[in-house]
Amino acid sequence: MARTADEARKTNIETFQSKIIPASGTISNTGVSSGYQGVTTAIDPSAKILFDMPEPDRKELAQRLKNAGYKVAVTGKYSDKLLSAYSNAAQKAAIQSQSVGKVFTVRQYLDQETASRIAEGTTGGPTSSIQTKISTPLEGRTLINKIFEDLLGRGPTKAEFDKYYTQVTKRQKDMPTKTTYSGGKTNVVNQTGGPNVEEFLFQKIAGTDEAKSRKVFGFYDIFKQALGVD
């Protein structure tokens, strides 16, 4: 028997999702406590992804969902309403990916829908999101090592790394990047703020006595070369 269009679409979505989402599992709990009995339920991959997501990332996702037209609270807390909106967006992203033959992430789909709403003037005014990016220890070490080598000709000690990494992450938390979307005839996206950690670290390390001394000796060596003195 030939499948209907809806049945074919459902099969395509399930096939696509199986490639990017782990297979479902089950949780079995038959214990009884205070009159409540557990049941065996299937794991919802979208629910697990959303529940395991760090709260700042969940808050950013909620803001993106809201910008795209979903009615959700931007708190960073897990809720059924947030899960429903996220699952809906994930399904639509999967349908679009299947339709055009190109993978669209949920983030890309939501940004696309936000831009469309702004262009149509249906957002009810500017919308915005605040993004905080905290460097991992590996990212921090790469940056701090480079600036130490450039300014001091050596790598940092553990104590120095700990000191500057703490300062960098605090600055990143205190100075998030704010993205504002405004509509009308022209779609405008403005980004403000941000920690600029490279310049921050450079100024901090360049202000140390060791860096100042190295700079003075460097100028002295150049001066001696100009005079022809060994």
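Assorted remarks:
- Exceeding the 27 Å Cα-Cα cut-off - candidates 146/215; 59/163; 59/158; 173/204; 48/158; 77/173: 59/163; 59/158; 48/158
- Shape category assigned to segment 67-110 from the gyration tensor of Cα positions, a/c cut at 1.5: prolate
- Cα gyration tensor shape of segment 61-164, rounded if a/c is under 1.5, else prolate or oblate by comparing a/b with b/c: prolate
- Segment 56-98 versus segment 153-180: alpha-carbon centroid distance in Å: 31
- Sorted peptide list for 80-88, 133-141, 57-65, criterion being average Cβ within 10 angstrom, highest first: 57-65, 80-88, 133-141
Every number here is computed from the coordinates shown, using simple stated rules; none is lab data. In this text the structure is predicted, and so the values were computed from the model without any measurement. Cβ sites come from the backbone with ideal geometry, for glycine too, and all protein chains shown count toward neighbours.
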